[in-house]
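No lab work stands behind these numbers, since they all come straight from the coordinates. Please read all numbers here as calculations on a predicted model, not as lab measurements. Cβ placement follows ideal geometry from the backbone for every residue including glycine, while neighbour counts extend to all protein chains displayed.
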Amino acid sequence: MPDLLIELFSEEIPARMQKRAGEDLQKLVTNGLVDAGLTYASAAAFTTPRRLTLTVEGLLDQSPTTREERKGPKADAPEKAIEGFLRGAGLTRDQVETRETPKGNILFAVIEKPGRPAAEIIAEVLTHIIRTFPWPKSMRWGAGSLKWVRPLHSILCILTDEAGAQVVPGEVDGITFGDTTEGHRFMAPGRFSVTSFEDYGTKLKRAHVVLDASERAEAIWHDATNAAFASGLEVVEDKGLLSEVAGLVEWPVVLMGKIGDDFLDLPPEVLQTSMKEHQKFFSVKNPKTGRIERFITVANRETADNGATILAGNEKVLSARLADAKFFWENDLRTVRDVGLEGMAKPLADVTFHNKLGSQAERVARIEALARELAPVVGAKPDLAAEAARIVKADLASEMVYEFPELQGNMGKYYAQAAGHDDGLPEACEEHYSPLGPSDDVPTSPMSVAVALADKLDTLTGFWVIDEKPTGSKDPFALRRAALGTIRLVLENDLTLKISDTVFEHGKKFGASEAKDRIKAEASRLRREHADARDRDSEEMDEAVRAAGAAMFNVDEASLDLLAFFHDRLKVYLRDQGIRHDIIDACIAMEGNDDLTLLVKRAKALSGTLKTDDGENLIQGFKRANNILTQAEEADGVEYSYGADVKFAEEPQETALFEALDAAEAKIAPAMEAQDFASAMHAMATLRTPIDAFFEAVQINADNQTVRRNRLNLLSRIRTLCLSVADLTKLEG
């Protein structure tokens, strides 16, 4: 079985496109080969800045011969029907068979397709893929019609078996398939031929090209950390930057440079962000002080002076970049010292947050009011929480954040410290955006938690009020992330917070202005549509406008819908912790489901109970009792919900169940009152044995109607008691 090697050699491919391009090449080629009948043993794709490479091992040398039988119309069918059948099969009338069947004489076509050589199929598949490759952006060059991410120079395509290597015959836009490639642009220019993937990799390494992106990344990190360690420093880890830099070089050469003394006092986040965004440099910090003191750059070549010239140029360019950052920093500090953070935040009145939700300043005012309300819930001082809310967005008006938006929050902390704020306010500025993702740390300081919750709940409430919710995969305002962040803040800080009440009360702050704006818009529309609006009765017009505004806005409906959204996000969060969605549904159905902490405690207790034999079997007993009771109530037209009396018990197992229910009720009621769900679930699970014994020994539908009613009322006690803990009807299985 031959092996296939493909290389598409071009000008430099943007680093951000390389990984996806390699995956696309592998998927498209292998799918195309399999669709044509060529199976294979394994495949792997590799990328460098100048090449996409694919190796496919264990390929069939030709596609198998196929035989297809098609049933056609009757032999005496109209001529046009027969002609259509023959045309579709690609046969003539004398090439089809007539067979007797229970439905008469039927035409059958047997279509046999002979196998094709692998080289022929590969050329066909590869040519089509190159012409239709799904680059995010592509270009044309010269006089040709081919589009590629950058000008494509050569196509290597060979099949290798025991007899040797052969070039797959093919051509795309004047580029003929061959068996040659090039090494490093500067260190090993010139073409050379290869005979297999192993030969290809060996000769590329000799020509100063590391084919595997992961190998390049490992080499960069190894050399960078060693260089830093030799100077008593540490490289700041950045996996995204490492992956990007590995896509910029074919032969990585790590160099460590110095940062000018004038810039060492800049906040480390400023240095790190500026070097990363503008120069693709890694930051090197002093572990004793936390200061960024050096940088790591990765060159694409070795030089006679060991990179001295490259470093000198990089240091010069970096100084110019950092001079800009220092200018922004000093200007912002001057503003903070002159007018304070609240003064810095004044321009936010002219910055639109959303055209339906007002300016950033209006948003800050809402966050301030909500943070003051939430402060007692999280253990913060209301006045301090309100003060923190007024300044946490101030850095959005700074020159530094305008240049580097990703530094919002970080810069707020430094500006708050410069303004003399303490009592947790600088930390609140930095942490109020957290958590941003599932692995991000959750703030624990009461001040930070109050403002972070207020920020996220204001965002969610506002977009629900204006009915701009996530749809499908679209979530332009990151509302799912805000909801998950809220959930983590509440749960990981063990807060008791009524989500729906909070959202409803906060939503009314949007309601007044939102309804007013919509009423004004509706009035304008009505006047445009009715030229005689001035002659119409003004009261009728006003009523029509008010009705339109009322129909468009409903805070109560928005708060309920947002609570359902929180529940959906909670299911995702708890699923990762091993709690089934039906268990969460069983707890959501209970009263108090807007208290997320309470809801999760109930769900975890129920999940733990169901993992025991008693708990699992109890659910079956409950469902049996509920089914019998429901059917009896439907048949009799009455509700069996009270009146079970032990004096009508005829069997010892029946009496034992009464006693067990009395004992369980005595434990479950106070446990539920104390929100001790684990104890309540444990008490409920103890009913498993007496319920099982009851169903084995007792016939519910007794001939004596008094006994029958008593037993049905006893089942009702089981149902009521179990449902007081969770809605077990929601459980699957």
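Quick notes on this one:
- Given R0 = 60 Å, the distance between the Cβ atoms of S319 and T729 translates into a calculated FRET efficiency of 0.30.
- Stretch gain in nm, segment D561-T176, where the contour uses 0.36 nm per residue and the Cα spacing is subtracted: 132.5 nm
- Charge tally in the Cβ shell below 11 Å around I700, where Lys, Arg are +1 and Asp, Glu are -1, I700 excluded: +3
- Cβ-Cβ FRET estimate between Y402 and N306, R0 fixed at 35 Å, reported to 0.05: 0.35
- Estimated at 0.36 nm per residue, the fully extended path between N701 and K205 surpasses their Cα-Cα distance by 170.1 nm.
- Expressed as a fraction of 2.2 N^0.38 Å, the value expected for a compact globular protein of N residues, the C-alpha radius of gyration of the range 1-115 is 1.71.
- Ratio of the Cα radius of gyration of the range 156-258 to 2.2 N^0.38 Å, where N counts its residues: 1.41
- Proximal lysine pairs, the range 579-732, alpha carbons under 28 Å, eight or more residues apart or interchain: 15
- Straight-line cross-link partners of K288 among the lysines, defined as a Cα under 30 Å from its Cα and at least 8 positions apart when in the same chain: K239, K258, K276, K280, K316, K326, K413.
- The chain: DSSP helices with Cα axial extent of at least 18 Å and average Kyte-Doolittle hydropathy no lower than 0.5: 118-132, 446-465, 479-492, 596-610
- Part-to-part distance (alpha-carbon centres) for the range 328-356 and the range 379-396, which is given in Å: 15 Å
- In the range 126-220, the GluC sites (Glu not before Pro) that fall in loop regions by DSSP, at most 15 other Cβ within 10 Å: E162
- Taking a ≥ b ≥ c as the square roots of the eigenvalues of the Cα gyration tensor, the range 587-652 is prolate, since a/c reaches 1.5 or more and a/b is larger than b/c.
- Length gained when the stretch K611-F192 is fully extended (0.36 nm per residue, less Cα-Cα span): 144.4 nm
- Anchor K103: aspartates and glutamates whose Cα lies under 16 Å away (excluding residues fewer than 8 positions away in-chain): D76
- Isotropically averaged projected area of the range 213-324, using the convex hull of Cα atoms (one quarter of hull area), nm²: 6.5 nm²
- For the range 345-514, the alpha-carbon radius of gyration amounts to 0.97 times the rule-of-thumb value 2.2 N^0.38 Å expected for a compact globular protein.
- Kirkwood Rh, Cα atoms: Rg over Rh of the chain: 1.09
- For the range 66-113: rounded, prolate or oblate by the Cα gyration tensor [a/c cutoff 1.5]: oblate
- Estimated from the Cβ-Cβ distance and a Förster radius of 22 angstrom, the FRET efficiency linking E124 and Q62 is about 0.95.
- Lys, Arg +1 and Asp, Glu -1 on Cβ, resulting dipole of the range 605-730 about Cα centre, debye, nearest 20: 200 debye
- For the range 424-464 versus the range 1-67, the inter-centroid distance based on Cα atoms is 47 Å.
- With the largest listed first and rounded to whole Å, the semi-axes of the equivalent ellipsoid of the range 584-710 from the Cα gyration tensor are 29, 17, 14.
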